[in-house]
Amino acid sequence: MSAFRGPPRKGENFELSADLNSEYREKRKDAIKKVIANMTVQKDVSGLFPDVLKNMQTDDIEQKKLVYLYLMNYAKTQPELVILAVNTFVKDTDDPNPLVRALAIRTMGCLRAEKIIDYLCDPLQKCLRDDNPYVRKTAALCVAKLYDLKPELVIENGFLETLQEMIADSNPMVVANTVAALTDIHIAATASGSTNDAFHITSTILNKLLVALNECSEWGRVAILNALARYETSDDRESEHICERVVPQFQHANASVVLAAVKVVMIHMRNVRSDNLTKQFVRKMAPPLVTLLSNPPEVQWVALRNINLLLQKRPELLSNEMRVFFCKYNDPLYVKVEKLDIMVRLAGESNVDALLSELKEYASEVDVDFVRRSIKAIGQTAIKIDEAAERCVNVLLDLINTRVSYVVQEAVVVMKDIFRKYPATYEGVIPVLCANLDELDEPEAKASLIWIIGEYASKIDNADELLGLFVDTFTEESYPVQLQTLTAVVKLFLQKPDNSQGLVQRVLNTATKDCDSPDVRDRAYIYWRLLSTDPGAAKAVVLSHRPPISIPRTTVSPQLLEELLGEISSLASVYHKPTETFVGRGRIGIDSVQRKSSDLADERTAAQKAFQTVAAGQQAENLLDFSDADGAEDGQQPSGLAATTMLASTPAAANLLAGTSSNPLDDLVSIFGNVGIDASAAQPAAAAAANSLGGLSFGASAPSPMPPATPSVLQNTSAQPSQQDDLLGLF
Amino acid sequence: MISAFFIFNQKGEVLISRLYRPDLKRSIADVFRIQVVSNSDVRSPIITLGSTSFFHVRVNNLYVVAVTKCNANAALVFEFCYRFISIAKSYFGKVDEEAIKNNFVLIYELIDEINDFGYPQNSEIDTLKSYITTESVMSTNFAAEESSRITVQATGATSWRRNDVKYKKNEAFVDVVETVNLSMSAKGTILRADVDGHILMRAYLSGTPECKFGLNDKLVIDKEQRGASDAVELDDCRFHQCVRLNEFDSSRTISFIPPDGEFELMKYRSTSNVKLPLKVIPSVTEIGTTQVQYVVTVKTNFSNKLSGTNVVLRIPTPLNTTSVDCKVVSGKAKYVPAENVVVWKIQRIQGGQEVTLSATAALTSTTTRQVWARPPIDVDFQVLMFTASGLIVRFLKVFEKNNYQSVKWVRYLTKASGSYQIRVRF
């Protein structure tokens, strides 16, 4: 049959047309196969419509299927001719063979030609009540197809009611497809703004679903479990009952059934009052989740992303299972990265040694990205577990001694975080870090080291020499490095005024005269004035106490976490983002968001979520717009810049905005995103001063993918007001 | 749900394209080709562009792709892709470009049958084979009756079994296959050791047999008699859809009506008291910068009545290795430069034995040290009539209304392939 895919000959369609009209059956069938092959490779064979259509009436089911396949593709382009097929379709729905009946009704629903729809209703009515369950289950889905095309027809013909009756069908597969069809209609109706519930699940329906759950096919179970997830229980007894009936599904071989069951239990567990029961459900959930890791890597990845969410809600879930998340040498990178994140989540006093030796092992692999993440994970562990910090530092020192450039640089960045968490504890490490000064070529690593030098200037004998090196090359460095150098030199001057006066003069001079970044210039001016008017105030501002950092237990807001837990196993739960950020019609314009937020003015959290949603959606749209996008969507929404500026005016929204990433892959970025960038604004007071006094709103610099200063400034909002007052007093 | 299903070859040519829902155009295939096939840096199995998500699975240089436009159930989409692959394997023997091209008509039939409007439908291979075949079926009166029967069965509560099965001799074969996952540190500490068990069954039983299956599962044994010593602790079990899950949940009994022929009855996982069949003790020493010496000892850790077969060790060598001189007492060892490993094959090794490989790798002197990931030593093997978890089938009872006698056979196999890893340091 591979001959069907040969190179195109001249007048191929002409030849095919002749063959399709041949008097020999075999020849006609072969010709149809060729047509389908051409269709697959996107050659235009729509011209053969009448010829193919002639072959529709046949006893050969295979041939019939091929003709139908062709029709589904081209019916839309040839609406006038489709009408010729109607007769055969209607006749087929009366065929004694149930396969033929089902095939006819299945195909008619897919034709999407206006002309044929009117002829669909009668046969559909009949097929929904067919004796044969196979025909009924096909007809049930056909109602959803019809609704997608012409909702009025479904309502006029009472198909919705018929479907609701069919939930009581004796055949589990029919029940499953009916549930799938009703859910599909419900989603379509909600999306188009209809308020009446197309699929309201009553307690009678609930019981039928629970019965069918144990009998139907794996895919049917997923459909039913999804419906169960939507059910609103009336009391805690009912919630318990649902959980108990669903828990056995954890043992199913199909990962999607397991995750769908987890979803239902997570949702209905919210209403279970008994702590004992809750514990029992959680305990039963753990082993099946671990078993999901013996699936193919793609399924593993989906499972890992969901486990990550589940752990944010219930950290005790897999407390003794860290070892199963150890990376295998041949795991794909996306699996390894997720495992790293989960391992850090599960780290505790008891297993930290095993974790550290694993992380050290990973740090010697070849994939640069993975190595860096492993080193980051060491830092996270140090910050998470106070008792293990020293061991983490030792591992980092070992890694620095390998002198592999990217390892050293990442380790320096991580050390800076450790210094922030445990000030003045590991000063002995500083000489080793400084010895690697020449190795550093990445801005983040440089900035980190400069911050460390500035912070401990009083304890480093040659701090002025080291900083001098950076001052020499000041104009060539990137802005974050310049900002850090500036601050570090001022810190040095405040601590050791005697031998660094020249240095501070030089750096302020260069920063104010030769630097083209307004941020750097502004900061330099402020320091200059501070130092010249009141060195005491300068000390209070620059050497002020910084709030300690910690690892956030959740990577998403609590409201979003609850929402995502209700969507376990879906794309939203994989991306850790609300559905509206990536699903078509839901992408909300700015108007509706404002409406939404004013409606919910009292519920601050809800408003925040709406902002977050639109922000992320906006970013996704800007980045990911590709040719196929509907024209209607363009132009209606304000540009990304406008949206961001508006959002940035409310600090809370900006904070959330910073937390949402535009690129799905960024999700892989560790939870350390925020802490990692803290370095560039390690002087919250100074940064805040620069921003507020300089009259720069955050919005001004917003178009660049999130200025690093924003999150940290916000993180320190508590410290900000008082310091600002101090500053105002000075002027 | 699933809006479209595609199969691409390695070059990104479309081999199969089927749109299930009207929210996509056929040209969406081009987007996938540009974004994934011709992009060398794809780091995620799901790519979302705008509101379109592409789920892809790779098999033998093919991309099996499902496209969605909604907040789809990601686990279901991947399970569906893998199900398609296993169906295709069972129909065509292998899944590669040639098989797809040669059978595209049948594949269109299949993917229309297992998915309707984006919702997966019955995908039991056995049932599918009863009405989707390579020969063309004529719609006659006989066929109509036959189809009624098939369709009723395909949608029924036991969709996996026909009810007219007859055998002269009623037999059931049970294969317990355990895959051992091991990662051991260079110092010899076990970082992780667990067993993925599969119980495969071939049932050739007439009528509608009701089966009960018993293992030396600790939870069951403890209930029946106190202090039984040979019980095994299973961390988790997963069952074929024929097993009644609520019965297992309430009383841990495994009861079911089996499909006809071969199927996977259950999978389980065990992490406690894993008996490692092979112990590998590597010693790797660098001599200067031009030589690496290996001494690798393999000890078998099971009864001397049993033997391990097809033992293959893959011992990594540095990237700048020029040649390796291997000495072995048992089996054959060879340096494979293309993969930078020494492959040591031992056809058969008795229980309680110990064999050693000593080898010297000569290295070229390089000016820059190449980055070498130091992969672990990887061991593949098979040991018959041995289970690493200690699992034993206690009984398989068959009840049928005709009360026939049935013969049952049980086999055990423990193996490792690609997941038995011992790390090396030097």
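May I ask you to verify whether A:Val272 is touching a helix residue (DSSP H, G or I) at 6+ places or on another chain (Cβ under 6 Å) and outside the structural domain of A:His576 (by TED's automatic domain parsing)? Before you say what the answer is, go through the steps one by one.
Details: touching a helix residue (DSSP H, G or I) at 6+ places or on another chain (Cβ under 6 Å): yes; outside the structural domain of A:His576 (by TED's automatic domain parsing): yes.
Yes: the conditions hold for A:Val272.
Would you pick out the residues in the stretch B:171-191 that are within 10 Å of another protein chain (Cβ to nearest Cβ), in contact with a strand residue (DSSP E or B) (Cβ under 9 Å, 6 or more places away or on another chain) and surrounded by fewer than 20 Cβ atoms within 10 Å (Cβ to Cβ)? Even if it seems obvious, please write down each step before you answer.
Restricting attention to the stretch B:171-191, the residues satisfying the condition of being within 10 Å of another protein chain (Cβ to nearest Cβ) are B:179, B:181, B:183, B:185-187, B:189-191.
With the extra rule that they be in contact with a strand residue (DSSP E or B) (Cβ under 9 Å, 6 or more places away or on another chain), the set shrinks to B:179, B:181, B:183, B:185-186, B:190-191.
B:Thr179, B:Ser185, B:Ala186, B:Ile190, B:Leu191 - these are the residues of the stretch B:171-191 that are within 10 Å of another protein chain (Cβ to nearest Cβ), in contact with a strand residue (DSSP E or B) (Cβ under 9 Å, 6 or more places away or on another chain) and surrounded by fewer than 20 Cβ atoms within 10 Å (Cβ to Cβ).
Residue-wise test of (1) among the basic types (Lys, Arg); (2) under 22 Å from A:Asn330 (Cα atoms).
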residue: B:Ser323; (1), (2): no, no
residue: B:Val329; (1), (2): no, no
residue: B:Lys334; (1), (2): yes, no
residue: B:Val341; (1), (2): no, yes
Exercise. Is at least one residue of the stretch A:506-514 over 42 Å from the mean Cα position of the chain (by Cα), buried (at least 24 other Cβ atoms within 10 Å of the Cβ), part of a helix (DSSP H, G or I) and modelled with pLDDT of 90 or more?
Worked result: yes
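Say we look at the stretch A:332-361 and pick out the residues that are acidic (Asp, Glu) and open to solvent by 20 Å² or more (accessible area, probe 1.4 Å); which of these is farthest from the other protein chains (Cβ to nearest Cβ)? If you could, list the steps in order and put the result at the bottom.
Within the stretch A:332-361, the subset acidic (Asp, Glu) is A:338, A:341, A:349, A:353, A:358, A:361.
Among the residues that remain, those that are also open to solvent by 20 Å² or more (accessible area, probe 1.4 Å) are: A:341, A:349, A:353, A:361.
Numbers: A:Asp341: 14, A:Glu349: 19, A:Asp353: 11, A:Glu361: 7 Å.
Among them, the one singled out is A:Glu349.
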Seminar exercise, completed: When (1) of a type in the set (A, V, I, L, M); (2) more than 9 Å from chain A (Cβ to nearest Cβ); (3) free of Cβ contacts under 8 Å to residues at least 24 places away in the same chain are applied to B:Leu49, the one that fails is (2)
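On the given criteria, is A:Arg129 within 9 Å of another protein chain (Cβ to nearest Cβ), modelled with pLDDT of 90 or more and open to solvent by 10 Å² or more (accessible area, probe 1.4 Å)? Outline the logic, then answer.
Numbers: within 9 Å of another protein chain (Cβ to nearest Cβ): no; modelled with pLDDT of 90 or more: yes; open to solvent by 10 Å² or more (accessible area, probe 1.4 Å): yes.
The answer is no for A:Arg129.
Search the stretch A:319-331 for residues being in a loop (DSSP other than H, G, I, E, B) and either closer than 19 Å to A:Ala382 by Cα or more than 12 Å from every other protein chain (Cβ to nearest Cβ) (or both), and hand back the single one that is modelled with the highest pLDDT. Walk me through how you get there before you give the answer.
Start the filter on the stretch A:319-331 by keeping residues that are in a loop (DSSP other than H, G, I, E, B), which leaves A:319-321, A:326-331.
With the extra rule that they be either closer than 19 Å to A:Ala382 by Cα or more than 12 Å from every other protein chain (Cβ to nearest Cβ) (or both), the set shrinks to A:319, A:326.
Numbers: A:Ser319: 86, A:Phe326: 92.
By that ranking, first place goes to A:Phe326.
Listed here are the residues, each with its yes/no results for (1) facing chain A (nearest Cβ under 10 Å); (2) touching a Phe, Trp or Tyr at 6+ places or on another chain (Cβ under 7 Å).
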position	(1), (2)
B:Cys211	no, yes
B:Leu215	no, no
B:Val232	no, no
B:His240	yes, yes
B:Phe256	no, no
B:Pro259	no, yes
B:Met266	yes, yes
Seminar exercise, completed: Flagged in the stretch B:140-192 as outside any loop (DSSP other than H, G, I, E, B), of a type in the set (A, V, I, L, M, F, W, C) and more than 28 Å from the chain's Cα centre (by Cα), in numbering order, are B:Phe142, B:Ala143, B:Ala144, B:Ile150, B:Val152
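Out of curiosity, is A:Ile116 β-branched (Val, Ile, Thr) and crowded, with 24+ Cβ neighbours inside 10 Å? It would help to see each step written out before you state the result.
Numbers: β-branched (Val, Ile, Thr): yes; crowded, with 24+ Cβ neighbours inside 10 Å: no.
No: the conditions fail for A:Ile116.
Which of the residues belonging to the stretch A:434-454 are more than 35 Å from the chain's Cα centre (by Cα) and at pLDDT below 90?
Residues of the stretch A:434-454 more than 35 Å from the chain's Cα centre (by Cα): A:434-439, A:453-454.
The answer is A:Cys434, A:Ala435, A:Asn436, A:Leu437, A:Asp438, A:Glu439.
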Exercise. Within the stretch B:32-68, can you find the residues that are open to solvent by less than 20 Å² (accessible area, probe 1.4 Å) and outside any strand (DSSP E or B)?
Worked result: B:Phe32, B:Val36, B:Ser44, B:Pro45, B:Gly50, B:Ser51
For this session: From (1) of a type in the set (D, E, K, R); (2) in contact (Cβ under 8 Å) with a residue 24 or more places away in the chain; (3) part of a loop (DSSP other than H, G, I, E, B), pick out the condition that doesn't hold for A:Asp44.
Result: (2)
Exercise. Has the stretch B:236-251 got at least one residue that is over 18 Å from A:Val257 (Cα atoms) and surrounded by 15 or more Cβ atoms within 10 Å (Cβ to Cβ)?
Worked result: no
Exercise. Among (1) of a type in the set (S, T, N, Q); (2) surrounded by fewer than 17 Cβ atoms within 10 Å (Cβ to Cβ); (3) in contact with a helix residue (DSSP H, G or I) (Cβ under 6 Å, 6 or more places away or on another chain), which single condition is B:Asn122 missing?
Worked result: (2)
Exercise. Which of the residues spanning the stretch A:65-85 are open to solvent by 10 Å² or more (accessible area, probe 1.4 Å) and either of a type in the set (Phe, Trp, Tyr) or more than 12 Å from A:Val35 (Cβ to Cβ) (or both)?
Worked result: A:Lys65, A:Met72, A:Tyr74, A:Lys76, A:Thr77, A:Gln78, A:Pro79, A:Glu80, A:Leu81, A:Ile83, A:Leu84
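For (1) at the interface with chain A (Cβ under 8 Å from one of its Cβ atoms); (2) farther than 24 Å from A:Asn38 by Cβ, each residue gets a yes or a no:
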site: B:Leu76; (1), (2): yes, yes
site: B:Glu97; (1), (2): no, no
site: B:Asn115; (1), (2): no, no
site: B:Gly118; (1), (2): no, yes
site: B:Asp126; (1), (2): no, yes
site: B:Val152; (1), (2): yes, yes
site: B:Asp164; (1), (2): no, yes
site: B:Lys169; (1), (2): no, yes
Exercise. If you go through the stretch B:17-25 one residue at a time, do you hit one that is in a strand (DSSP E or B), in contact with a Phe, Trp or Tyr (Cβ under 7 Å, 6 or more places away or on another chain) and touching a residue at least 60 places away in the same chain (Cβ under 8 Å)?
Worked result: yes
Exercise. Of the residues that make up the stretch B:269-292, is at least one surrounded by 14 or more Cβ atoms within 10 Å (Cβ to Cβ), in contact with a strand residue (DSSP E or B) (Cβ under 6 Å, 6 or more places away or on another chain), within 14 Å of another protein chain (Cβ to nearest Cβ) and not in a loop (DSSP other than H, G, I, E, B)?
Worked result: yes
Exercise. Can you name the condition, by its number, that A:Ala227 falls short on among (1) crowded, with 17+ Cβ neighbours inside 10 Å; (2) away from every other protein chain (no Cβ under 14 Å); (3) not β-branched (Val, Ile, Thr)?
Worked result: (2)
For this session: Pairs only if they're at least six apart or on different chains, beta carbon under 6 angstrom, first in the stretch A:191-203 and surrounded by 13 or more Cβ atoms within 10 Å (Cβ to Cβ), second assigned to a loop (DSSP other than H, G, I, E, B); list them, first residue then second.
Result: A:Ala191/A:Arg585; A:Ile201/A:Tyr231
Problem set entry | Selected residue (criterion: nearest to the chain's Cα centre (by Cα)) from residues of the stretch A:181-219 that are more than 12 Å from chain B (Cβ to nearest Cβ) and charged (D, E, K, R) | A:Asp197
For this session: Provide a single number: the residues in the stretch A:42-65 that are aliphatic (A, V, I, L, M), within 12 Å of chain B (Cβ to nearest Cβ) and farther than 27 Å from B:Ala143 by Cβ.
Result: 0
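Quick one: is B:Leu391 more than 14 Å from chain A (Cβ to nearest Cβ), part of a strand (DSSP E or B) and buried (at least 17 other Cβ atoms within 10 Å of the Cβ)?
Spelling it out, it is not the case that B:Leu391 is more than 14 Å from chain A (Cβ to nearest Cβ), part of a strand (DSSP E or B) and buried (at least 17 other Cβ atoms within 10 Å of the Cβ).
Would you confirm, using the coordinates I've provided, whether A:Arg112 is of a type in the set (D, E, K, R) and either in contact with a strand residue (DSSP E or B) (Cβ under 6 Å, 6 or more places away or on another chain) or not in a loop (DSSP other than H, G, I, E, B) (or both)? Before the answer, list the steps.
Details: of a type in the set (D, E, K, R): yes; either in contact with a strand residue (DSSP E or B) (Cβ under 6 Å, 6 or more places away or on another chain) or not in a loop (DSSP other than H, G, I, E, B) (or both): no.
Judged against the criteria, A:Arg112 is not a match.
The values are calculated or read from the model by the stated rules, or taken from the named source; none is laboratory data. Just so you know, these numbers come straight off a predicted model, no measurement behind them. We place every Cβ from the backbone using ideal geometry, glycine too, and count neighbours over all the protein chains shown. Side chains included, ligands, DNA and RNA excluded: accessible areas come from the protein's heavy atoms. Shrake-Rupley method; radii C 1.70, N 1.55, O 1.52, S 1.80 Å.
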